[in-house]
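See below for the structure under consideration.
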Amino acid sequence: MRRSSILAPVIVVLALMISSCALTPPGSTGPGPGAFTISPSTANVRAGGTQQFTPSLTTATFTWSVNGVMGGTAATGTIDATGNYTAPSTLPSPNTVTIEATETTKKSATGSSAVTLWNPIPQISSVSPPQVTVGAFTLTISGTNFVSGATVAFGGGTLTVTSVSSTQIIATGTATAAQAGFSVPLQVTNPNPGSSSSNSISAQVIGAAAVSATAAARFLDQTSFGPTATTISHVEQIGLQAALTEQFNQPTTQFSEPPSPDTAVCGFTNWRCTQSEFLNVAVWGNDQFRQRVAMALSEIFVAPIEQDNAMPFYLNTLAGDAFTNYRTIMQDAALSPAMGDYLNMVNSGKPPTGQIANENFGRENMQLFTLGVNLLNSDGSLQTDGSGNPIPTYTELQVEAFARAYTGWTFANPDGSSPSSFNYTHNWLHFMVPVENQHDTTSKILLNGTTLSAGQSAEQDLKGALDNIFAHPNVGPFVCRQLIQHLVSGDPSPAYVARVAAVFANNGSGVRGDMKSVLTAIIMDPEARAGDAQTGDQADMSPAVDGGHLREPLLWTMNLLRGLNAAQTPATSYLYVNFMSGTLTSVGEAPIDQSSVFNYFPPSYVIPQTTLNAPEFSLENTGSVIPRMSLADKIIHNEDSAPVIDLSATSVIGQQASNPAQLVDYLGMLFMHSQMPSDMRTALIDTITAIPATDLQGRAEVAVFLVVTSSQYKIMH
Amino acid sequence: MSHSRRSFLTNASLLAAGNLLGFRPFGMLNALAQTSSDYKALVCIFMFGGNDANNMLIPFDTTGYNNYATIRGPIALAQNTLLPLTPAPNFALHPSLPEVQSLFNSGNLAFLANVGTLLQPTTRAQYQANSIVPPSNLFSHPDQQLEWQNQLDSSAGSTGWAGRIADKMNTQYNPGALVPMIASISGDTLFCNGTGTSPVSVGSGGPGTPSCSDQSYCSSRQTTAQQFANMSSGVSLIQEDNAITNNAFTYNTVLAGALNAATPLTTVFPTTTPFGAQLAEVAKLINVRAALGVKRQIFFVGAGNFDTHAAQLATQATLLAEVSPALLAFYQALQEMNLANQVTAFTCSDFARTFQPNSADGTDHAWGSHHIILGGAVKGGQIYGTFPTLALGGPDDVASNGRWIPSTSSAQYAATLAQWFGLATTDLPYVLPYIGNFSSNNLGFLG
């Protein structure tokens, strides 16, 4: 010990000289004959861990010792003939040791290293019980490498540790009401020296319901692809705001690239594989709200390309952008290769004499994605001129100017770089890139007299054009009203639109177009929440808001599969190509299959002979009602290539069929926000009761069919 | 809020027909209806997206063709590929229209040139000086589709001109009918909706009852479903959806029964395209007119994807090749039913497209267009209306890109069809509120 402590600084000095004095002639000031170093010269090694030491001489053989004891001891750690040190499982005191190597043939030639021993990294394997109730609780944490003095973090706080062994910690604490419904992460931290934390494992906190089952289910109908028994219970526990936050933080489920070229799995185009994957994402994805918003966005920024692998990138872009800013969405949609191809912005060149620039994207970007054709008030209602007529938002000349501003974009090279001229080879995996010599560099007069000056690049003109549109006061009311229509109600009150549009204009922090704020405003608005507190008969006969909307066929189908707990399969097995691409066309809506940029249905649709604005009713008529019923029949009886539904006597739903009222109330909870009107409930119980109790599956199937095909269910309100 | 969608159901026999087990025996209805030979039908064929009629009906004389080819440049069709029109030698057709060519040459098909939405006669000078009220939101697909269908001053009007014809004619011509006067084979369209009448929608797969795998429970299941559909609700949308559901039960039962009992037509349709399948369905429904108890019917079918902003030549060639043989098959089916003189089909579209091409070998949204009228009652082999001057910045151009100001109003087009169908002249203003602004309400292509 004494010797090594004296020599150690000398060795460090020598080592530094060797490493830093390459220009010094060898031998002049270097180490003396027989001196060598050990690498590393200092080390931190965890209890039970190992560290390899290597001498600077490679030509000699060595003996190794720990604190002067050849080969070391159990208390200080052991070292083998190759210099591999194994630290003791519990720390000695003091927690430092010296590793020394001695050249076998020259006993006087030694080198050493100073080792500091650290506590091990704890590892949790389980926690018992896995669920705790709000209030005081005691938890037993099992695992390895726990050391005395370890602390346990629980959510944002710390538990009181009452005992620690190397494999078990017992701790007590208090779960707050705010934690109810959440999986709260637990983590063990060992103390210094070398403090470190374990993996994280969760305990579920159960508390009093934060909101009613009705509120939870209504919220889930608005923010997911349909409530399930599990998600209703979860939202009941954590409340709506926390559920929104949770969804905002969910990472994006990615659509994968189907195998290319087109395969037998997909059929004639890979687009069909993406349609199949849509089912997986919608029914089993964790990012339910994100994907629901992405579906709404895909029905605003309509760009279905039914070939190759065009859709995964586009859908991933919309979902990834769903909680960002509307300006971001505008630009990403504009430059997506799918949109470029669909509305012809890709390879739209500066027009030669005798031709004009392609107006397709320039027009529809304003008409459908951002502004609408007529000037709006901030509550979404039409502005009118002195004669009471609507006022057009833009002129044909402005359409032509935007068309020129968007010239000069092409498909990227396979590596994402820019080609030097227009590239007609599809590249669906990268945003479009500019080709400046195809950009129309003349000046353009846009909205409100804003001019893009001559000589700007394609990118400058694109950003300038989108900024010009984004700043227009129509964007907030135009877009917010459509988002409300997709998520909550087809005919929102002007005041509701105005409240949300105000948040679009300024999220409270001076940001325009902030999607999280806009979506929160839509979902938490009193008009969206008014039905939460009503009984079934109140909601049916005297609704707090006479609103809601028809479940569009695609959403309705996903609602059924989620509610009926369809059996999950891997997304990339593409099992639902025929179902999603073929069967759903019988009800008028397969995913990413709009027949034009005007979506499956127009936002302005008014039910004939009424004043009810109800976009989805554009698909609802005497020719479409029956096919939807037939589809329900097929799904319920597993007669199509949809995911498997279990309504057998032993299934969750089938088991309840022995008690018709219980079955009906369970379906009412699952599908109708626990708000099934009493006349419907009575009729349904009577029908089910008439089916023999020996046929529980038959009861379940008939009951589910009648609920999900009823207008009372199809109208989400 | 009105619930007159339900009004059709006030007839007790129809409520009975809504019961799966209670529909009437069709033999009796056949006997009632077949006594009348007074039958007429109109078939509206909507070419969604804006058909580029500038490449459908083309000047064929040397001067005319050369002017066309010079301006259209890369999307000009070669003169030697065009299909000549014998009775109108200065014009020729797109090469994908041989069946249309033969129907024109045999006198059973006519064209109406440069027709479009207009509220009053309009000149270039008037348009540019803003001294007339133009149709609202020109050049916008949905607005122009809806204004073709509603013949009102904006797309906001909630009834269509066929629906308003039914308002005026249904009671007189179709008393006791089991289905509405109007049937759409192309979904819900404004064209079909009246103030007091509603259409029946039929998928091109035909009508039917819900499939049921609940075996012995199917009957009670259906009874309960109908019970649900008759429960009243304070939620307006539930009321509306219930009304549609009730009508669906009624109409599908009636239609499926009538079609199942009918002798199939032998005419073969090109049913591999949705458009051919739709016209085939129209022919089937006309074939059971007696069982349905109707003497006047209006049908709506649609063909899509005419929005050729790029690759105009290839796209339009494919689309017209779907339309043309289906039109011939339809005409042959009418001949098979001895109804060629009693059924008239006609095309509509959002608008025509710029005569000047864009830099993507496509064309953009324009206005006045050329349309097809087909049927034995058509005074065929003629081009009606006034063909536009094909000059950029010329007398018919809105500005300088070849967006033709219509020389004939779609209201005049509709008025001619409606009067042939039997609409009283005195009812024209109800159906076509702006018809009085035009000098003629009959273009003479039917007689």
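The values are calculated or read from the model by the stated rules, or taken from the named source; none is laboratory data. On a predicted model such as this, the values are computed, not experimentally measured, just so you know. With ideal geometry, Cβ positions are generated from the backbone for all residues, glycine too; neighbour counts draw on all protein chains shown.
Structural remarks
- Of the helices (runs of 4 or more DSSP H) lying entirely inside region A:447-537, the ones with 2 or more residues being modelled with pLDDT of 95 or more and within 30 Å of A:Q675 (Cα to Cα) are found at A:475-487, A:494-505, A:515-524, A:526-529.
- Residues of region A:89-140 that turn out to be farther than 21 Å from A:A47 by Cα and among the aliphatic types (A, V, I, L, M), as a count: 7
- Restricting A:G408, A:G388 to residues that are more than 10 Å from chain B (Cβ to nearest Cβ), touching a His at 6+ places or on another chain (Cβ under 6 Å) and on the phi > 0 side of the Ramachandran plot narrows the list to A:G408.
- Failed item, numbered, when B:D427 is tested on (1) more than 19 Å from B:H309 (Cβ to Cβ); (2) of a type in the set (D, E, K, R); (3) not in a helix (DSSP H, G or I): (3)
- Failed condition for B:V282, given (1) part of a loop (DSSP other than H, G, I, E, B); (2) more than 9 Å from chain A (Cβ to nearest Cβ): (1)
- Test set (1) closer than 24 Å to B:F421 by Cα; (2) surrounded by fewer than 23 Cβ atoms within 10 Å (Cβ to Cβ) - B:L285 fails condition number: (2)
- Qualifying positions in region A:476-490 - closer than 11 Å to A:V500 by Cβ and hydrophobic (A, V, I, L, M, F, W, C): A:V479, A:C480, A:L483, A:I484, A:L487, A:V488
- Summed over region A:378-417, the residues that are touching a helix residue (DSSP H, G or I) at 6+ places or on another chain (Cβ under 9 Å), closer than 16 Å to A:P434 by Cα and surrounded by fewer than 14 Cβ atoms within 10 Å (Cβ to Cβ) give a count of 0.
- Scope region B:218-228; condition more than 36 Å from the chain's Cα centre (by Cα) and more than 7 Å from every other protein chain (Cβ to nearest Cβ); matching residues: B:C218, B:S219, B:T223
- Test for A:V235: is it among the hydrophobic types (A, V, I, L, M, F, W, C) and either within 20 Å of A:F278 (Cα to Cα) or modelled with pLDDT under 95 (or both): no
- Residue within region A:256-264 that is touching an Asp or Glu at 6+ places or on another chain (Cβ under 9 Å), modelled with pLDDT of 95 or more and farther than 12 Å from A:Y574 by Cβ present: no
- Residues of region A:605-616 classified as within 7 Å of chain B (Cβ to nearest Cβ), in contact (Cβ under 8 Å) with a residue 40 or more places away in the chain and surrounded by fewer than 24 Cβ atoms within 10 Å (Cβ to Cβ), total: 1
- Of the residues making up region B:164-196, those that are more than 19 Å from B:T347 (Cβ to Cβ) and touching a strand residue (DSSP E or B) at 6+ places or on another chain (Cβ under 7 Å) number 8.
- For region B:42-78, the set of residues classified as touching a residue at least 12 places away in the same chain (Cβ under 8 Å), away from chain A (no Cβ under 14 Å) and surrounded by fewer than 17 Cβ atoms within 10 Å (Cβ to Cβ) consists of B:D61, B:G64, listed by residue number.
- The single condition among (1) surrounded by 23 or more Cβ atoms within 10 Å (Cβ to Cβ); (2) in contact with a helix residue (DSSP H, G or I) (Cβ under 6 Å, 6 or more places away or on another chain) that B:A261 does not satisfy is (1).
- Checked against the criterion of being in contact with a Lys or Arg (Cβ under 7 Å, 6 or more places away or on another chain) and either free of Cβ contacts under 8 Å to residues at least 12 places away in the same chain or farther than 14 Å from A:L696 by Cβ (or both), the candidates A:D633, A:D640 yield just one match: A:D640.
- Restricting A:A661, A:A649, A:A657 to those that are surrounded by fewer than 17 Cβ atoms within 10 Å (Cβ to Cβ) and touching a Leu at 6+ places or on another chain (Cβ under 6 Å) reduces the list to A:A649.
- Screening region B:229-243 for residues that are more than 7 Å from every other protein chain (Cβ to nearest Cβ) and under 18 Å from B:S198 (Cα atoms) and picking the one that is surrounded by the fewest Cβ atoms within 10 Å (Cβ to Cβ) gives B:Q239.
- Helices (runs of 4 or more DSSP H) contained in region A:623-714 and holding at least 3 residues more than 8 Å from every other protein chain (Cβ to nearest Cβ): A:625-636, A:652-655, A:660-671, A:678-689, A:696-709
- Cβ-Cβ distances below 6 Å connect the following pairs, each with a first residue in region A:448-460 that is free of Cβ contacts under 8 Å to residues at least 60 places away in the same chain, a second residue that is part of a strand (DSSP E or B), and a separation of six or more residues or different chains: A:T451/A:I445; A:L452/A:K444; A:A458/A:P434; A:E459/A:P434.
- In summary, helices (runs of 4 or more DSSP H) completely within region B:47-144 and bearing 1 or more residues that are touching a strand residue (DSSP E or B) at 6+ places or on another chain (Cβ under 6 Å) occur at B:62-72, B:98-105.
- The lone exception for B:F351 - which of (1) within 14 Å of chain A (Cβ to nearest Cβ); (2) at pLDDT below 95 it fails: (2)
- Boolean, B:N246 is crowded, with 23+ Cβ neighbours inside 10 Å, polar (S, T, N, Q), within 7 Å of chain A (Cβ to nearest Cβ) and touching a residue at least 24 places away in the same chain (Cβ under 8 Å): no
- Of all the numbered requirements in (1) facing another protein chain (nearest Cβ under 10 Å); (2) small (G, A, S); (3) surrounded by fewer than 24 Cβ atoms within 10 Å (Cβ to Cβ), A:G362 misses one, and that requirement is (3).
- Qualifying positions in region B:161-217 - assigned to a helix (DSSP H, G or I) and within 9 Å of chain A (Cβ to nearest Cβ): B:G163, B:L190, B:C192, B:Q215, B:S216, B:Y217
- Count of region A:571-604 residues, restricted to those that are without any contact (Cβ under 8 Å) to a residue 60 or more places away in the chain and part of a loop (DSSP other than H, G, I, E, B), is 7.
- Number of residues in region A:459-490 that are surrounded by 23 or more Cβ atoms within 10 Å (Cβ to Cβ), farther than 15 Å from A:L376 by Cβ and either among the aliphatic types (A, V, I, L, M) or out of contact with any Lys or Arg (no Cβ under 9 Å at 6 or more places or on another chain) (or both): the value is 5.
- A single member of A:N423, A:N474 is touching a residue at least 24 places away in the same chain (Cβ under 8 Å) and under 30 Å from A:F255 (Cβ atoms), and it is A:N423.
- Residues that are at pLDDT below 95, outside any loop (DSSP other than H, G, I, E, B), more than 26 Å from the chain's Cα centre (by Cα) and buried (at least 16 other Cβ atoms within 10 Å of the Cβ) occur in region A:172-187; there is at least one.
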